[in-house]
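Worksheet for the structure shown next.
The values are calculated or read from the model by the stated rules, or taken from the named source; none is laboratory data. Only a predicted model underlies this, so the values are computations on that prediction, with no experimental measurement involved. No Cβ is skipped: glycine too gets one built from the backbone with ideal geometry, and neighbour counts run over all protein chains shown. With ligands, DNA and RNA removed, areas are computed over all heavy atoms of the protein, side chains included. Shrake-Rupley method; radii C 1.70, N 1.55, O 1.52, S 1.80 Å.
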Amino acid sequence: MTDWAGFQNYWVDAWQRYVLSLDTLRQRANIHREQAAKAVPNVLHFQAELVHDGRTLERPVNYALVRIIPPDDVPTDPAKAPIIVVDPRAGHGPGIGGMKKDSQIGMALAEGRPCYFVGFLPKPMPGQTIEDVCRAEAVFVADVAARHPEAEGKPVIIGNCQAGWQIMMMAAMRPDLPGPIMLAGSPLSYWAGVRGKNPMRYLGGVLGGTWLTALAGDLGNGIFDGANLVANFESLNPANTYWTKGYNVYSKIDTEVERFLDFETWWGSPVLLNAQEMQWIADNLFVGNKLATGQLRTSDGVRIDLRNIRSPIIVFCSWGDNITPPQQALDWILDLYDDGGEIVTSGQTIVYTMHHSIGHLGIFVSGKVATKEHGEFVSCMDMIDALPPGLYEAVITEVNEDTANPDLVHGRYLFRLEARTLDHIRAIGGNDAADERRFATAARVSEINRGLYETFAAPMLRGRVPEPVAETVRAAHPNRLRFAMFGDENPFMQPIKGLAELVRANRQPVHADNPWLAAERMTSDWITACLQASGEVRDAVTEATFLATYGSPLLQALVGLGPQQPVLRHVERDLTREAAVEHLKTRLEHRFTIGHMPEAVLRSLVYIRLPEGVIDERGFTALKMVRAAQPPAQRISLARFKELLREQFLLVCLDEERAIETLPRLLGDDAAQHKTGLDVLHRVLGATGVESEEGKRRLARIEALFDVKPKQKHLETTEAAHD
C-alpha cells in the first residue's frame, strides 16, 4: 500500500508539474509577442531617458544612448567618471547589462557613478554598416563626456561580448574619447583556441566559408535574421538546449519560473541585422580574423590599429566560456606586441582576469559575478586608470581576518594587480604555426566560394525575394516558432491558463525522497549524458574534418599558401609609431631632473614596488586619503596625478639608476618637506607592507636620500600586522 501511495503521489506531482510547465511556456510565448510589439523592446531593470537617437545622425543607425535614472536612494557623484554599458547586438535584444539590480549597471550606480546605456532597435536602418555603428558610438561617448565636465576622468566603457570589438574599433579610430575600456566576454582573436575545445571557431571552415551568410542575407531580402546567431549559440550545448533547460523548469516548477521567464524575455527576442553588416562580421572577423592583425580599414582608407588605443583595457573572460574562450579574449595581445616591453613603451595598460568556471552568459547575467568581479572593477576603476603601462592580472580575494589594514579595502573583496608577461598569455594555450596556416587556408577558401556565389548565384537571388516572403521565412524560424506555438493564439493552449490556476490552488508536491522521483532524475541524467556525448562526438568530427581538410598541402597550395608563403599572424610594423616611441624616449631624457616633491614621492614609490610587481587597492586608497587631506588649492588633480605617475614609471624603466641618482634634485633643501614626503611614502607603503628583501633594500636607499630618520611605526610590514 505504501509503494502504491508513493506511486500515486509521484504521478499527481508529475502531472501538475507538466501543466504548470505548459503554462510557463504559454507565459513565455505571450511575453515574446508583447516584446515584439514594442517600439523599443528591452529588458532593462532600471528607468532610462533618451539622450541621443542614432537614427538622427548624418549616417543613421538603429542605436541609441540613454541615461540610466538612478533610484532616489542611490545618489551619484558628479566628480566620478561616468560609465557607459554597451550591449551586444549578437542576435538578442538589448538590456543584458542591466536586467536586474545586481548587474553591471547596478554596480555602477551603487558606486555613485553616473551611468548610461547603449542599446538598439530590433530593425537596422537601411544601408547601416558596422563602421556607421562605431562612429555613432563615438558620438555617444562624446555626448556623455560633454554632460559631465566636472568628472575626474573620461567615460568608462563596458562592452559586452560582440559590443567589445565594436568599442575597440571605435577607440582605435578615436583614441581621444574613451577612458578605461572593459571587455566582458569579448572575442578579438577569432582563430584562437585549443584542440579538443572551442569548436565554434571551426564552423566557418567546415561550412565552406561565408557564402552561406550571403545566401541567408539574400533570402531575407537584404536582412540577416539574428535568430540564426542564437541558434548557433544553442547548438554548442545540445544537452542544455534540448533537455536540461526545460527539465530544470519542470523539476523546479515551484521556484524556477520567474528566473526562467526573466531570462527568456531577453533570450527569446532576436533582432535583425543588415545583410552587409553580418557579411562584414563574418568575412573580417569570424573567418578573416583581421581586427587584431591590423588588416581592417575605414571607408576613407584609415587603418584600424588597436595599438592606437590610449585607454587602459580590461579583459574579463572565463575558462567556462565556450563561446569566447580565454584565448579568443586575450590572444590579440600576442598579435599586437612581441614582448611586454613594447606594451610599456607604447604607453598601453592592459588588465585581465579569468574566472574559473562561469559560462559565457554568466559573465553578464550572474548576480554573483556582478557583485564580485564587476563590482570590484567598478570600485577600483580609478586605480586602473592611474596604472603605469604594462600587462597585469587582476586577482580578487575575499577579505579575511589575516588581511592587513582591512579598513583600506572597499567592500568584501581585496583587489590586487600582479604584473605579467606575454608568456603568461602564451601559457593558456593556442594555435601552432600549422594551425594558423589551416585557418588562413580556410579564409582563402571562403573568399573563393564567396566569389563563386557572388558571380553565379547572387544575381538570381539578390533583390528578388519579396519582403512578405522574407518575413514569413523569419517567422517560421524554429527559434521563433517555438514561442508562437505555445501562445494564447493557439486554440489548443487556451485551456491551460485555467487548468494551471486550478493546479496551483491544489498543488501537491511529492516528497523529495520518493523513489519514483529519484528514477525520474536518473532518467534525466541519462538523457543529459547521451546528449552531451553526441555533442562531443559531433565536435570531435568537426575538428578532425577541419584539421584534415585545411591541413592538406594540396589545398593550401591551390589557394596560394605554399610552404614558403608566410601567414600573417602579427600586426605589421608602423614606422610612424616607432618614431613616436623614440621621440618619447628622447623627451624623457630631459625629464629626470624636472619636478618637485610629488614627482620624487611617486618615483620612489615606483622604484620600491617595481621588483614585487604587485599593486594593491589598499595602497591606492592610502594615496587617495593623502590627496584628500591636502588643501584644495594644493591638491593635484586626478588627471595630473595619472600623468605624473606614468612619467615617473617610464623614467624608472628607462634608466633605473639615473632615476634614483637624480632624485635629490627633485627633493630640494627644505627638511620639513623631506619629512612630509617621506611620511607620505611610509603611509602608502604601510598599507600593504614591504615584504621582499629587495624592496626593503630599496626603501633604505630612498630613506637615505630623503635624509630623514624613518619612524618605523609608519611602516609595519604585513608580517608584523599579522603578529
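Spherically averaged projected area of the convex hull of Cα atoms, region 249-374: 11.0 nm².
Phi angles across region 607-616 convert, under the Karplus curve 6.51 cos²θ - 1.76 cosθ + 1.60 with θ = phi - 60°, into 3J(HN,Hα) values of 4, 6, 7, 4, x, 6, x, 10, 10, 10 Hz, Gly and Pro given as x. Ligands, DNA and RNA are left out, and with a 1.4 angstrom probe the accessible area of region 348-484 is 44 Å² per residue.
I need the calculated FRET efficiency for the pair residue 656 and residue 499, taking r as the beta carbon distance and R₀ as 60 Å, to the nearest 0.05. Step by step, r from the Cβ atoms, then E = 0.20. Ordering 355, 208, 158 by the projection of their Cα atoms onto the charge dipole of the chain, which places +1 on the Cβ of Lys and Arg and -1 on the Cβ of Asp and Glu, puts 208 at the extreme positive end. In the chain, helices alone account for a calculated mean residue ellipticity at 222 nm of -14500 deg cm²/dmol, with every DSSP H run of four or more residues adding -39,500 (n - 2.57). Rolling a 1.4 Å probe over the protein heavy atoms of region 36-194, with every protein chain left in place, gives an accessible area that is 54 percent carbon and sulfur.
Here region 24-96 is treated with +1 on each Lys and Arg Cβ and -1 on each Asp and Glu Cβ, and its dipole about the Cα centre works out to around 460 debye. Specify which labelled value, from [x] 26.5, 95; [y] 26.3, 82; [z] 28.6, 98, agrees with Rg and Dmax of the Cα atoms in Å derived from the coordinates of the model shown. Derived directly from the coordinates: [z].
Each of residue 576 and residue 637 was given a label point 7 Å from its Cα along the Cα-to-Cβ line. The distance between the two points is 2.8 nm. Overall, the accessible surface of region 313-438 at a probe of 1.4 angstrom is composed of carbon and sulfur to the extent of 48 percent. Taking Cα centre as origin and charging only the Cβ of basic (Lys, Arg, +1) and acidic (Asp, Glu, -1) residues, the dipole magnitude of region 59-194 rounds to 340 debye.
On the beta carbon distance between residue 507 and residue 357, with R0 = 35 Å, the FRET formula returns roughly 0.55.
Rounded to the nearest 10 degrees, the angle from helix 2-37 to the longest Cα principal axis of the chain is 70 degrees. Under the convention that each Lys and Arg Cβ holds +1 and each Asp and Glu Cβ holds -1, the size of the dipole of the chain around its Cα centre is about 1020 debye. Pairs over the 20 Å Cα-Cα cut-off, from the set 624/696; 245/497; 252/372; 80/624: 624/696; 245/497; 252/372. Among 381-390, 292-301, sorting by the average number of other beta carbon atoms lying within 10 angstrom of each residue, highest first, gives 381-390, 292-301.
Using a probe of 1.4 angstrom and keeping all protein chains present, the accessible surface of region 18-88 works out to 48 square angstrom per residue. Under a 5 Å amide H cut-off, with hydrogens placed 1.01 Å from N, residue 355 pairs with 317, 318, 319 among residues at least 5 apart or on other chains. Since only 97, 533, 637 are under comparison, the one whose Cα sits farthest along the positive direction of the charge dipole of the chain, derived from C-beta charges on Lys, Arg, Asp and Glu, is 97. Rolling a 1.4 Å probe over the heavy atoms of the protein chains gives region 563-614 an accessible area of 59 Å² per residue.
Could you compute the FRET efficiency for residue 426 and residue 568, with r as their C-beta to C-beta distance and R0 at 22 Å, rounded to 0.05? Computed FRET efficiency for residue 426 and residue 568 comes out at 0.75. When only alpha carbons are used to place a centre, region 477-514 and region 619-649 end up 61 Å from one another.
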